[in-house]
Amino acid sequence: MKEILKELDVLLEANNQPYYNQIEEPLDKSEIIKLLDENKLFHCMELIELYSWHGWVNKETIYNGNYTELCSLGCLIDIKSAFEKFSKDKEFDNYLDGKLPIVIRDDGDYMAVDLKKESPTRGFIYVCEPAITLSEEMIKIYDSIPLFLQTICECYKQKVYTLGDRYLNIDIDKEYAISKRMNPQSKYWVDDDSEMSE
């Protein structure tokens with residue numbers, strides 16, 4: 001996991017991605033574990049590694065539009081913002097059902113990792129993107145946190161993601177092909193629903 005994060009750092013620096021100018025300070029692993037325990041969520045080591053590496057972007061920065069996207073679905077958000085969104089959801093309808101939001105876009109779409117202890121899809125990343133999926137249901141989009149990060153790295157290496165004037169330019173077709181190849185168990189990238197069951 002550390003090697004993937006190191007590679008991401010190198011690629012973002014090489015692409016003059018200003019993302020790291022916008023991130024929060026990381027938390028200690030013990031603090032992250034405490035948050036997981038308080039919310040009765042699985043101790044996902046990849047998640048703990050992710051948030052102890054960098055603090056990522058405060059969600060208010062994203063909703064204010066003062067950020068550059070990391071990938072097509074937005075930015076990795078700081079863990080306190082993630083748990084704030086998770087807690088608010090739990091108070092109302094528990095739509096997330098053990099899934100912790102980790103990536104948010106300024107239009108409100110987001111991705112969340114399944115951390116429900118007894119879930120058969122624990123570790124998968126789901127997306128809530130009704131305008132694209134034509135559904136309020138969350139759909140698998142990445143097979144794991146490491147594969148999500150590796151997919152991003154591959155997209156930067158293949159120039160699928162390039163920086164314009166403060167905005168991320170995305171070759172949608174190439175992103176789709178790379179993501180589908182690297183995340184074969186995720187329904188989001190499947191052309192025909194008949195190819196894969198949820």
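Taking the residues in region 141-198 that are polar (S, T, N, Q) and part of a loop (DSSP other than H, G, I, E, B) as candidates, determine which candidate is modelled with the lowest pLDDT. Among residues in region 141-198 that are polar (S, T, N, Q) and part of a loop (DSSP other than H, G, I, E, B), the one modelled with the lowest pLDDT is Ser197. Within region 144-181, the set of residues being touching a helix residue (DSSP H, G or I) at 6+ places or on another chain (Cβ under 8 Å) and acidic (Asp, Glu) comprises Glu154, Glu175.
Counting just the residues of region 1-13 that are in a helix (DSSP H, G or I) and touching a residue at least 40 places away in the same chain (Cβ under 8 Å), which one comes out nearest to Thr61 (Cα to Cα)? I'd like the intermediate steps shown before the answer.
First pass over region 1-13, keeping only residues in a helix (DSSP H, G or I): 2-13.
So of that shortlist, the ones also touching a residue at least 40 places away in the same chain (Cβ under 8 Å) come out as 2, 4-5, 7-8, 11-12.
Working: Lys2: 26, Ile4: 25, Leu5: 22, Glu7: 25, Leu8: 21, Leu11: 23, Leu12: 19 Å.
So, considering only residues that are in a helix (DSSP H, G or I) and touching a residue at least 40 places away in the same chain (Cβ under 8 Å), the one nearest to Thr61 (Cα to Cα) is Leu12.
For region 28-45, the set of residues classified as crowded, with 17+ Cβ neighbours inside 10 Å and either in contact (Cβ under 8 Å) with a residue 60 or more places away in the chain or within 17 Å of Met1 (Cα to Cα) (or both) consists of Ile32, Leu36, Leu41, Phe42, Cys44, listed by residue number. Residue count for region 64-93 under the criterion of being within 30 Å of Asp171 (Cβ to Cβ) and exposed (fewer than 14 other Cβ atoms within 10 Å of the Cβ): the result is 3.
Considering the conditions (1) farther than 19 Å from Ser52 by Cα; (2) surrounded by fewer than 22 Cβ atoms within 10 Å (Cβ to Cβ), Pro101 is excluded by exactly one of them, (1). Restricting to region 1-27, count the residues that are of a type in the set (Ser, Thr, Tyr) and exposed (fewer than 15 other Cβ atoms within 10 Å of the Cβ). Adding up the residues that qualify gives 1.
Filter region 2-58 down to the residues that are at positive phi and within 17 Å of the chain's Cα centre (by Cα) and list them by number. Before the answer, list the steps.
Step one: filter region 2-58 for residues at positive phi, giving 16, 40, 56.
Selection gives Trp56 alone.
Looking only at region 109-140, filter to residues that are touching a Leu at 6+ places or on another chain (Cβ under 8 Å) and outside any loop (DSSP other than H, G, I, E, B); which one of those is surrounded by the fewest Cβ atoms within 10 Å (Cβ to Cβ)? Checked region 109-140; the qualifying residue surrounded by the fewest Cβ atoms within 10 Å (Cβ to Cβ) is Val127.
The single condition from (1) hydroxyl-bearing (Ser, Thr, Tyr); (2) surrounded by 14 or more Cβ atoms within 10 Å (Cβ to Cβ); (3) assigned to a helix (DSSP H, G or I); (4) at pLDDT 90 or above that Thr61 fails is (4).
The set of residues from region 155-189 being in contact (Cβ under 8 Å) with a residue 60 or more places away in the chain, aromatic (Phe, Trp, Tyr) and surrounded by 13 or more Cβ atoms within 10 Å (Cβ to Cβ) comprises Tyr156, Tyr161, Tyr188.
The values are calculated or read from the model by the stated rules, or taken from the named source; none is laboratory data. These numbers come from a predicted model, not from an experiment. Glycine also receives a Cβ, built like all others from the backbone with ideal geometry; neighbour counts cover every protein chain displayed.
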